[in-house]
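Enquirer: The structure is given below, and queries will be raised subsequently.
The values are calculated or read from the model by the stated rules, or taken from the named source; none is laboratory data. Bear in mind the structure is a predicted one, so any value in this text is a computation, not a measurement. Methodologically, a virtual Cβ is constructed for each residue, glycine included, from the backbone with ideal geometry; neighbour enumeration extends over all protein chains shown. To get the accessible areas, we keep the full protein, side chains included, count just its heavy atoms, and leave off ligands, DNA and RNA. Shrake-Rupley method; radii C 1.70, N 1.55, O 1.52, S 1.80 Å.
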Amino acid sequence: MRAVTFSRLGGPEVLEVSDLPVPEPGAGEVRIRVKTATVNPTDISFRSGRQLSMAQLAEMNVRPPFIPGMELAGVVDAVGEGTSWRVGDRVMAIVNPRRPGGGAQAELVVVPAVARVPDGTSLEAAATLPMNGLTVRLALDQLALRPGQTLGVTGAAGAVGGYAVELGVAEGLRVIAVARPQDEALVKRFGAKTFVPSGDAAIRGVRDAAPGGVDGLIDAAVLDGAVLPAIRDGGKLATVRGFAGPSERGITIEPVRVTSYVHNHEALDRLGRLVADGRLTLRVGETFPPERAADAQKKLAAGGTRGRLVIVF
(Lines give C-alpha, C1' and ligand atoms only; values in the text may rest on other atoms or scores of the structure.)
Protein backbone atom coordinates (compact mmCIF):
# COMPACT_ATOMS: atom_id res chain seq x y z
CA MET A 1 0.00 0.00 0.00
CA ARG A 2 1.08 3.61 -0.54
CA ALA A 3 1.58 5.91 2.40
CA VAL A 4 2.98 9.37 3.11
CA THR A 5 6.08 8.72 5.20
CA PHE A 6 9.26 10.18 6.62
CA SER A 7 12.23 8.32 8.06
CA ARG A 8 14.11 11.24 9.59
CA LEU A 9 13.02 14.42 11.30
CA GLY A 10 13.37 17.66 9.38
CA GLY A 11 11.71 19.98 6.90
CA PRO A 12 8.93 19.17 4.43
CA GLU A 13 11.53 17.70 2.06
CA VAL A 14 11.78 14.57 4.27
CA LEU A 15 8.25 13.55 3.23
CA GLU A 16 7.90 10.89 0.56
CA VAL A 17 5.45 8.27 -0.67
CA SER A 18 6.45 4.72 0.28
CA ASP A 19 5.11 1.27 -0.47
CA LEU A 20 4.46 -0.48 2.86
CA PRO A 21 3.08 -3.88 3.94
CA VAL A 22 -0.70 -4.19 4.21
CA PRO A 23 -1.83 -4.15 7.88
CA GLU A 24 -4.26 -6.80 9.11
CA PRO A 25 -7.12 -6.07 11.54
CA GLY A 26 -7.15 -7.89 14.86
CA ALA A 27 -10.11 -8.69 17.10
CA GLY A 28 -12.44 -5.73 17.41
CA GLU A 29 -10.61 -3.78 14.70
CA VAL A 30 -11.49 -2.69 11.18
CA ARG A 31 -9.26 -1.94 8.24
CA ILE A 32 -10.22 1.17 6.29
CA ARG A 33 -9.40 1.76 2.65
CA VAL A 34 -8.60 5.42 3.11
CA LYS A 35 -9.90 7.83 0.51
CA THR A 36 -9.06 11.07 2.32
CA ALA A 37 -6.89 12.19 5.24
CA THR A 38 -6.36 15.73 6.49
CA VAL A 39 -3.19 17.70 7.15
CA ASN A 40 -2.90 19.16 10.66
CA PRO A 41 -0.43 21.28 12.64
CA THR A 42 0.45 18.18 14.64
CA ASP A 43 1.76 16.59 11.42
CA ILE A 44 4.25 19.43 11.10
CA SER A 45 5.30 19.15 14.75
CA PHE A 46 5.74 15.39 14.38
CA ARG A 47 7.76 15.63 11.18
CA SER A 48 9.97 18.50 12.37
CA GLY A 49 10.88 16.93 15.70
CA ARG A 50 9.26 19.68 17.76
CA GLN A 51 6.95 17.06 19.24
CA LEU A 52 9.25 14.14 20.01
CA SER A 53 12.86 13.22 19.31
CA MET A 54 13.91 10.05 17.51
CA ALA A 55 15.05 8.62 20.87
CA GLN A 56 11.67 9.33 22.45
CA LEU A 57 9.85 7.74 19.52
CA ALA A 58 12.04 4.65 19.81
CA GLU A 59 11.19 4.39 23.49
CA MET A 60 7.51 4.34 22.46
CA ASN A 61 8.25 1.50 19.98
CA VAL A 62 7.53 3.90 17.10
CA ARG A 63 10.15 3.48 14.42
CA PRO A 64 10.60 4.73 10.84
CA PRO A 65 9.12 4.97 8.39
CA PHE A 66 6.64 7.21 10.23
CA ILE A 67 3.17 7.89 8.82
CA PRO A 68 1.63 11.29 9.71
CA GLY A 69 -2.06 12.14 9.92
CA MET A 70 -4.68 12.05 12.65
CA GLU A 71 -8.02 11.82 10.86
CA LEU A 72 -9.39 10.03 7.84
CA ALA A 73 -12.45 8.88 5.97
CA GLY A 74 -12.94 5.90 3.72
CA VAL A 75 -14.61 2.54 3.32
CA VAL A 76 -14.31 -0.53 5.55
CA ASP A 77 -12.04 -2.96 3.70
CA ALA A 78 -11.73 -5.83 6.21
CA VAL A 79 -12.98 -6.58 9.72
CA GLY A 80 -11.60 -8.42 12.70
CA GLU A 81 -13.53 -10.79 14.90
CA GLY A 82 -16.10 -9.21 17.19
CA THR A 83 -16.95 -6.07 15.24
CA SER A 84 -20.36 -5.19 13.84
CA TRP A 85 -19.00 -3.16 10.93
CA ARG A 86 -19.34 -4.51 7.43
CA VAL A 87 -17.09 -4.31 4.40
CA GLY A 88 -18.22 -1.34 2.32
CA ASP A 89 -19.43 0.82 5.22
CA ARG A 90 -18.44 4.50 4.82
CA VAL A 91 -16.61 5.51 7.99
CA MET A 92 -14.43 8.19 9.54
CA ALA A 93 -11.89 7.82 12.34
CA ILE A 94 -9.24 9.53 14.43
CA VAL A 95 -5.87 7.86 14.92
CA ASN A 96 -2.72 8.63 16.90
CA PRO A 97 0.20 8.75 14.42
CA ARG A 98 2.63 8.18 17.27
CA ARG A 99 1.67 4.51 17.50
CA PRO A 100 3.51 1.53 16.02
CA GLY A 101 0.98 1.29 13.16
CA GLY A 102 1.39 4.91 12.16
CA GLY A 103 -1.12 7.59 11.25
CA ALA A 104 -3.91 8.31 8.82
CA GLN A 105 -2.10 9.22 5.60
CA ALA A 106 -1.98 5.73 4.13
CA GLU A 107 -4.15 3.78 1.72
CA LEU A 108 -5.00 1.18 4.38
CA VAL A 109 -5.29 1.92 8.09
CA VAL A 110 -6.36 -0.37 10.95
CA VAL A 111 -8.27 1.22 13.83
CA PRO A 112 -10.30 -0.03 16.81
CA ALA A 113 -12.98 2.68 16.71
CA VAL A 114 -14.81 4.32 13.82
CA ALA A 115 -17.99 6.30 13.20
CA ARG A 116 -20.34 6.31 10.24
CA VAL A 117 -19.95 9.10 7.69
CA PRO A 118 -23.13 11.24 7.80
CA ASP A 119 -25.50 10.69 4.91
CA GLY A 120 -24.97 13.18 2.11
CA THR A 121 -21.43 14.02 3.27
CA SER A 122 -18.47 13.50 0.95
CA LEU A 123 -15.46 11.58 2.18
CA GLU A 124 -13.32 14.70 1.61
CA ALA A 125 -15.54 16.64 4.01
CA ALA A 126 -15.95 13.79 6.50
CA ALA A 127 -12.19 13.53 6.99
CA THR A 128 -12.16 17.08 8.40
CA LEU A 129 -14.38 16.22 11.39
CA PRO A 130 -12.74 13.66 13.71
CA MET A 131 -9.66 15.41 15.11
CA ASN A 132 -10.82 19.00 15.39
CA GLY A 133 -14.40 18.07 16.15
CA LEU A 134 -13.32 15.84 19.02
CA THR A 135 -10.79 18.45 20.16
CA VAL A 136 -13.64 20.92 20.63
CA ARG A 137 -15.91 18.27 22.13
CA LEU A 138 -13.23 17.49 24.72
CA ALA A 139 -12.61 21.19 25.37
CA LEU A 140 -16.30 21.80 26.04
CA ASP A 141 -16.47 18.74 28.26
CA GLN A 142 -13.54 20.08 30.28
CA LEU A 143 -15.00 23.59 30.52
CA ALA A 144 -18.36 22.12 31.63
CA LEU A 145 -20.30 25.34 30.99
CA ARG A 146 -24.05 25.52 31.49
CA PRO A 147 -26.57 26.80 28.93
CA GLY A 148 -26.70 30.58 29.10
CA GLN A 149 -23.08 30.98 30.19
CA THR A 150 -20.55 32.82 28.04
CA LEU A 151 -17.92 31.10 25.89
CA GLY A 152 -15.05 33.02 24.31
CA VAL A 153 -13.36 31.57 21.21
CA THR A 154 -10.11 32.90 19.77
CA GLY A 155 -9.18 31.99 16.19
CA ALA A 156 -12.90 31.56 15.59
CA ALA A 157 -12.62 31.34 11.79
CA GLY A 158 -10.12 28.48 11.84
CA ALA A 159 -10.71 24.74 11.88
CA VAL A 160 -10.90 24.35 15.67
CA GLY A 161 -12.42 27.78 16.25
CA GLY A 162 -15.24 27.31 13.78
CA TYR A 163 -16.31 24.06 15.42
CA ALA A 164 -16.00 25.72 18.85
CA VAL A 165 -18.43 28.46 17.85
CA GLU A 166 -20.97 26.06 16.34
CA LEU A 167 -20.79 23.47 19.11
CA GLY A 168 -20.97 26.20 21.75
CA VAL A 169 -24.09 27.60 20.12
CA ALA A 170 -25.57 24.09 19.88
CA GLU A 171 -25.12 23.76 23.65
CA GLY A 172 -26.95 26.98 24.39
CA LEU A 173 -23.89 29.07 25.20
CA ARG A 174 -23.49 32.76 24.40
CA VAL A 175 -20.47 32.75 22.12
CA ILE A 176 -18.09 35.70 21.75
CA ALA A 177 -15.88 35.06 18.73
CA VAL A 178 -12.46 36.62 18.12
CA ALA A 179 -11.14 36.52 14.55
CA ARG A 180 -9.68 38.72 11.84
CA PRO A 181 -11.97 41.55 10.68
CA GLN A 182 -12.43 39.98 7.25
CA ASP A 183 -13.84 36.83 8.89
CA GLU A 184 -16.68 38.58 10.74
CA ALA A 185 -19.42 37.42 8.35
CA LEU A 186 -18.14 33.84 8.49
CA VAL A 187 -18.11 33.48 12.26
CA LYS A 188 -21.49 35.17 12.55
CA ARG A 189 -22.85 32.54 10.15
CA PHE A 190 -21.52 29.98 12.61
CA GLY A 191 -23.83 31.55 15.19
CA ALA A 192 -21.54 33.75 17.27
CA LYS A 193 -23.54 36.22 19.36
CA THR A 194 -20.77 38.80 19.35
CA PHE A 195 -17.78 39.35 17.07
CA VAL A 196 -14.52 40.91 18.30
CA PRO A 197 -11.72 41.76 15.84
CA SER A 198 -8.40 40.14 16.71
CA GLY A 199 -5.45 42.33 17.54
CA ASP A 200 -4.20 44.50 20.39
CA ALA A 201 -7.71 45.55 21.45
CA ALA A 202 -9.24 42.06 21.37
CA ILE A 203 -9.08 41.39 25.12
CA ARG A 204 -10.71 44.72 25.87
CA GLY A 205 -13.36 43.93 23.26
CA VAL A 206 -14.18 40.63 24.95
CA ARG A 207 -14.41 42.33 28.34
CA ASP A 208 -16.71 44.98 26.87
CA ALA A 209 -18.96 42.24 25.51
CA ALA A 210 -18.82 40.23 28.74
CA PRO A 211 -18.26 42.60 31.70
CA GLY A 212 -16.15 40.78 34.25
CA GLY A 213 -14.95 38.29 31.64
CA VAL A 214 -16.24 35.17 29.91
CA ASP A 215 -17.06 32.04 31.90
CA GLY A 216 -14.86 29.87 29.69
CA LEU A 217 -12.61 30.33 26.69
CA ILE A 218 -11.33 27.99 23.98
CA ASP A 219 -8.01 29.37 22.76
CA ALA A 220 -7.89 28.12 19.17
CA ALA A 221 -5.48 30.94 18.24
CA VAL A 222 -2.90 29.58 20.72
CA LEU A 223 -2.44 32.87 22.56
CA ASP A 224 -1.92 31.00 25.84
CA GLY A 225 -1.50 33.23 28.89
CA ALA A 226 -2.28 36.39 26.92
CA VAL A 227 -6.00 35.52 26.96
CA LEU A 228 -6.31 35.13 30.74
CA PRO A 229 -7.48 38.76 31.23
CA ALA A 230 -10.53 37.97 29.07
CA ILE A 231 -11.74 35.33 31.56
CA ARG A 232 -13.67 36.03 34.75
CA ASP A 233 -12.28 35.24 38.18
CA GLY A 234 -12.59 31.49 38.73
CA GLY A 235 -13.37 30.81 35.07
CA LYS A 236 -11.76 28.23 32.80
CA LEU A 237 -9.38 28.26 29.82
CA ALA A 238 -9.11 25.35 27.37
CA THR A 239 -5.76 25.32 25.55
CA VAL A 240 -4.99 23.23 22.45
CA ARG A 241 -1.16 23.16 22.39
CA GLY A 242 -0.41 22.05 25.94
CA PHE A 243 -0.17 25.42 27.73
CA ALA A 244 -0.80 24.74 31.43
CA GLY A 245 0.06 28.01 33.16
CA PRO A 246 0.88 29.92 35.20
CA SER A 247 -2.67 31.13 35.79
CA GLU A 248 -4.20 34.00 37.75
CA ARG A 249 -7.34 34.94 39.69
CA GLY A 250 -8.36 31.33 40.28
CA ILE A 251 -8.73 30.56 36.57
CA THR A 252 -8.46 26.82 35.83
CA ILE A 253 -6.39 25.94 32.76
CA GLU A 254 -7.46 22.78 30.93
CA PRO A 255 -4.92 21.51 28.36
CA VAL A 256 -6.88 19.63 25.68
CA ARG A 257 -5.23 16.40 24.54
CA VAL A 258 -7.44 14.87 21.88
CA THR A 259 -5.57 11.56 21.97
CA SER A 260 -7.63 10.78 25.08
CA TYR A 261 -10.72 10.73 22.82
CA VAL A 262 -9.23 8.52 20.07
CA HIS A 263 -11.54 5.64 21.03
CA ASN A 264 -14.59 7.81 21.80
CA HIS A 265 -16.65 6.77 18.79
CA GLU A 266 -19.86 7.73 20.62
CA ALA A 267 -18.77 11.37 20.70
CA LEU A 268 -17.75 11.21 17.04
CA ASP A 269 -21.15 9.70 16.19
CA ARG A 270 -22.87 12.64 17.94
CA LEU A 271 -20.77 15.08 15.93
CA GLY A 272 -21.80 13.28 12.76
CA ARG A 273 -25.45 13.70 13.67
CA LEU A 274 -24.93 17.44 14.09
CA VAL A 275 -23.43 17.52 10.60
CA ALA A 276 -26.42 15.63 9.22
CA ASP A 277 -28.75 18.09 10.97
CA GLY A 278 -26.95 21.06 9.40
CA ARG A 279 -25.68 22.36 12.76
CA LEU A 280 -21.97 21.72 12.15
CA THR A 281 -20.13 22.99 9.05
CA LEU A 282 -17.42 20.93 7.34
CA ARG A 283 -14.97 22.94 5.23
CA VAL A 284 -12.56 21.64 2.61
CA GLY A 285 -10.10 24.24 1.40
CA GLU A 286 -7.92 22.30 -1.04
CA THR A 287 -7.07 18.71 -1.92
CA PHE A 288 -3.64 17.23 -2.67
CA PRO A 289 -2.40 13.85 -3.92
CA PRO A 290 -0.07 12.07 -1.46
CA GLU A 291 2.90 12.98 -3.67
CA ARG A 292 2.25 16.64 -2.77
CA ALA A 293 2.01 16.16 1.00
CA ALA A 294 5.00 18.47 1.44
CA ASP A 295 3.19 21.25 -0.44
CA ALA A 296 0.15 20.78 1.78
CA GLN A 297 2.26 21.08 4.93
CA LYS A 298 4.00 24.19 3.57
CA LYS A 299 0.66 25.81 2.84
CA LEU A 300 -0.67 24.99 6.29
CA ALA A 301 2.48 26.32 7.95
CA ALA A 302 2.12 29.61 6.06
CA GLY A 303 -1.16 30.21 7.89
CA GLY A 304 -4.38 31.91 6.90
CA THR A 305 -6.09 28.86 5.38
CA ARG A 306 -9.87 28.78 5.57
CA GLY A 307 -11.05 25.24 5.12
CA ARG A 308 -9.03 22.10 5.60
CA LEU A 309 -6.21 20.74 3.47
CA VAL A 310 -6.92 17.14 2.51
CA ILE A 311 -4.78 14.34 1.07
CA VAL A 312 -6.78 12.28 -1.45
CA PHE A 313 -5.67 8.73 -2.30
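Enquirer: Can you tell me which lysines have their Cα less than 26 Å from the Cα of Lys193? Leave out same-chain residues fewer than eight positions away.
Expert: Lys236
Enquirer: Also, quick follow-up: Put +1 on the Cβ of each Lys and Arg and -1 on the Cβ of each Asp and Glu in the chain; which of Ala238, Ile44, Phe195 then has its Cα farthest toward the positive end of the dipole?
Expert: Ranked along the dipole, the leading option is Phe195.
Enquirer: Using a Gaussian network model of the chain with C-alpha springs under 10 Å, which one of Ile251, Ile218, Ile94 is most mobile by mean-square fluctuation?
Expert: Sorting by GNM fluctuation, first place goes to Ile251.
Enquirer: Please state the equivalent ellipsoid semi-axes for the chain: what are the square roots of 5 times the Cα gyration tensor eigenvalues, largest first, in whole Å? Please report the intermediate quantities before stating the final value.
Expert: Working: eigenvalues 223, 89, 63 Å².
Equivalent-ellipsoid dimensions as semi-axes: 33, 21, 18 Å.
Enquirer: Need one number for the stretch 55-98: average projected area of the convex hull over its C-alpha atoms, nm².
Expert: About 4.2 nm², averaged over all directions.
Enquirer: Less than 19 Å apart at the alpha-carbon level, and either on another chain or at least 8 residues along: which aspartates and glutamates does that give for Lys188?
Expert: Glu166, Glu171, Asp208, Asp219, Asp277
Enquirer: Something else about it: Per DSSP H run of at least 4 residues, take -39500 (n - 2.57); add these up for the chain, divide by its residues and hand me the 222 nm value, nearest 500 deg cm²/dmol.
Expert: When only DSSP H runs of four or more count, the value is -7000 deg cm²/dmol.
Enquirer: Let me test this: with uniform point scatterers at the alpha carbons of the stretch 175-280, what is the Debye-based log₁₀ I(q)/I(0) at q = 0.11, 0.13, 0.14 1/Å?
Expert: -0.41, -0.57, -0.66
Enquirer: Here is a further query. Note down the magnitude of the dipole of the stretch 103-198 about its Cα centre, charges +1 on Lys and Arg C-beta and -1 on Asp and Glu C-beta and zero elsewhere, to the nearest 20 debye.
Expert: It works out to roughly 380 debye.
Enquirer: A follow-up question, please. At 4 °C and a viscosity of 1.567 mPa s, what translational diffusion coefficient does Stokes-Einstein give for the stretch 1-65, taking Rh as the Kirkwood radius over Cα pairs? Give it in µm²/s as a whole number. Provide the component values of the computation, followed by the final result.
Expert: Values: Rh = 13.5 Å.
Value of D from the Cα-based Kirkwood radius: 96 µm²/s.
Enquirer: While we're on this one: Carbon-plus-sulfur fraction of the accessible area of the chain, 1.4 Å probe, in percent?
Expert: The nonpolar share, carbon plus sulfur, comes to 49 percent.
Enquirer: Rounded to the nearest 20 debye, what is the charge dipole size of the chain about its Cα centre when +1 sits on each Lys and Arg Cβ and -1 on each Asp and Glu Cβ?
Expert: Result for the chain is approximately 440 debye, rounded to the nearest 20.
Enquirer: Roll a 1.4 Å probe over the protein chains and send me the accessible area per residue for the chain in Å².
Expert: With the other protein chains kept in place, the chain gives 41 Å² per residue.
Enquirer: If you take the square roots of the eigenvalues of the alpha-carbon gyration tensor of the stretch 169-216 and sort them as a ≥ b ≥ c, do you get rounded (a/c under 1.5), prolate (a/b over b/c) or oblate?
Expert: Oblate is the answer for the stretch 169-216, as a/c is 1.5 or above yet b/c matches or exceeds a/b.
Enquirer: Okay, next question. As a test of understanding, state the convex hull volume per residue of the stretch 133-203 from its alpha carbons, in Å³.
Expert: 76
Enquirer: Name the shape class, rounded, prolate or oblate, that the alpha-carbon gyration tensor gives for the stretch 242-313, where a ≥ b ≥ c are the square roots of its eigenvalues, rounded holds for a/c under 1.5, and otherwise prolate holds if a/b is larger than b/c and oblate otherwise.
Expert: Here the stretch 242-313 falls in the oblate category.
Enquirer: Just the ratio, please: alpha-carbon radius of gyration of the stretch 58-185 over 2.2 N^0.38 Å, N its number of residues.
Expert: 1.26
Enquirer: Between Ala276 and Asp119, how many nm apart are label points set 7 Å from Cα along the C-beta direction?
Expert: Using points 7 Å along Cα→Cβ, the separation is 0.7 nm.
Enquirer: Test of understanding: extend the Cα→C-beta vector of Met1 to 7 Å, then name every residue of the stretch 53-92 with backbone N under 13 Å from that spot.
Expert: Flagged as within label range: 67-68, 72-80.
Enquirer: If you take all C-alpha pairs in the stretch 191-243, what percent of them are over 13 Å apart?
Expert: Of all Cα-Cα pairs in the stretch 191-243, 57 percent lie more than 13 Å apart.
Enquirer: Would you kindly derive the ³J(HN,Hα) couplings of the stretch 222-239 from the backbone phi angles with the Karplus curve 6.51 cos²θ - 1.76 cosθ + 1.60 (θ = phi - 60°), listing them in order in whole Hz, with x for Gly and Pro?
Expert: Using θ = phi - 60°, the values come out as 6, 8, 6, x, 5, 8, 3, x, 7, 9, 5, 4, x, x, 9, 10, 9, 10 Hz.
Enquirer: In terms of Cα to Cα distance under 27 Å, which lysines are near enough to Lys35, apart from those fewer than 8 places away along the same chain?
Expert: Within the straight-line cut-off, Lys35 pairs with Lys298, Lys299.
Enquirer: Another question about this same structure. State to the nearest 20 debye the size of the charge dipole of the stretch 1-138 about its Cα centre, where the only charges are +1 on K and R beta carbons and -1 on D and E beta carbons. Don't skip to the end; give the middle numbers.
Expert: Values: 14 positive and 14 negative charges, 47 e Å.
The calculation lands at about 220 debye.
Enquirer: While we're on this one: Report the Stokes-Einstein translational diffusion coefficient (µm² s⁻¹, integer) for the stretch 222-263, Rh taken as the Kirkwood radius over Cα pairs, at 4 °C with viscosity 1.567 mPa s.
Expert: In µm²/s, the coefficient is 120.
Enquirer: Among Thr135, Gln182, Pro23, pick out the residue whose Cα is farthest towards the positive end of the charge dipole of the chain, where Lys and Arg carry +1 and Asp and Glu carry -1 on C-beta, about the Cα centre.
Expert: Farthest towards the positive end: Gln182.
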